[in-house]
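This report refers to the structure that appears directly beneath it.
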Amino acid sequence: MQKVTKIYLGITLLYLLSRIIRMISGVGLRGHWPDVIIFYIWFLATLALFIGFRKLKWVRIYARICMFLTGIFMLLGSFMIPLLLWYIFSLNFICEKDFTEKYSVQVSDYEQGPQAHIFKTNGPFETYLGTIHNTRYYGMPLERIKEAESMKVVARHGEDMEVEFEFTDMKIICLVERHGRAMSR
């Protein structure tokens, strides 16, 4: 097996493992950008493989399988292409804030309005805890979370919980809802 093939397989396994583990258990690399960077490295490596090694039989077969799956996706989900492009290019990302070594918050803008996703951090990894769905609490936009000085869990209600954000001028308690098993960034 060529060295380039081994490197490409390693990149593909890294990408697939990061996606599968995040979807199944909600655990992933810490922060927003590592996932985006891994995706683009895999995408560019795939293009380089298709262009540079197109004469190899397994590359042609792999390219045809990818084109077939892309064609099926385009037929079945063509109406979702703008939303998919919006997600892939991270146009929905607003800000990220780390609170101590324990929690981090990512604010994203969706069609329903801004949402804050709460993560528990464990070294270089993070676990999804839930989402703040309401766009405003007491007139405060969620984008203002980056100005918060601290965050702590106040109460738990089954899988849901309440968190308190402390600002210089006020404290706000928000309901964090846990929906589904995991969240993909």
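The values are calculated or read from the model by the stated rules, or taken from the named source; none is laboratory data. Only a predicted model underlies this, so the values are computations on that prediction, with no experimental measurement involved. In this analysis, Cβ positions are derived from the backbone assuming ideal geometry, glycine residues included, and neighbour counts consider all displayed protein chains. SASA here: full protein model, heavy atoms, side chains in, ligands and nucleic acids out. Shrake-Rupley method; radii C 1.70, N 1.55, O 1.52, S 1.80 Å.
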Can you spot a residue in the range 130-139 that is open to solvent by 80 Å² or more (accessible area, probe 1.4 Å) and at pLDDT 80 or above?
no
Criterion violated by Ile38 - all others in (1) loosely packed, with under 11 Cβ neighbours inside 10 Å; (2) in contact with a strand residue (DSSP E or B) (Cβ under 9 Å, 6 or more places away or on another chain) satisfied:
(1)
Surrounded by 12 or more Cβ atoms within 10 Å (Cβ to Cβ) and at pLDDT 75 or above - does that describe any residue in the range 74-95?
no
Is it the case that the range 35-53 has a residue that's part of a loop (DSSP other than H, G, I, E, B) and modelled with pLDDT of 85 or more?
yes
By residue number, the members of the range 6-26 that are open to solvent by less than 50 Å² (accessible area, probe 1.4 Å) and either free of Cβ contacts under 8 Å to residues at least 40 places away in the same chain or touching a Phe, Trp or Tyr at 6+ places or on another chain (Cβ under 6 Å) (or both) are Gly10, Ile11, Thr12, Tyr15, Ser18, Gly26
Test Glu126 against the stated conditions and say whether it is open to solvent by 50 Å² or more (accessible area, probe 1.4 Å), modelled with pLDDT of 75 or more and either in contact with a strand residue (DSSP E or B) (Cβ under 8 Å, 6 or more places away or on another chain) or at negative phi (or both).
no
Identify all residues within the range 140-157 that are modelled with pLDDT under 75 and either more than 24 Å from the chain's Cα centre (by Cα) or open to solvent by less than 40 Å² (accessible area, probe 1.4 Å) (or both); write none if there are none.
Met140, Leu142
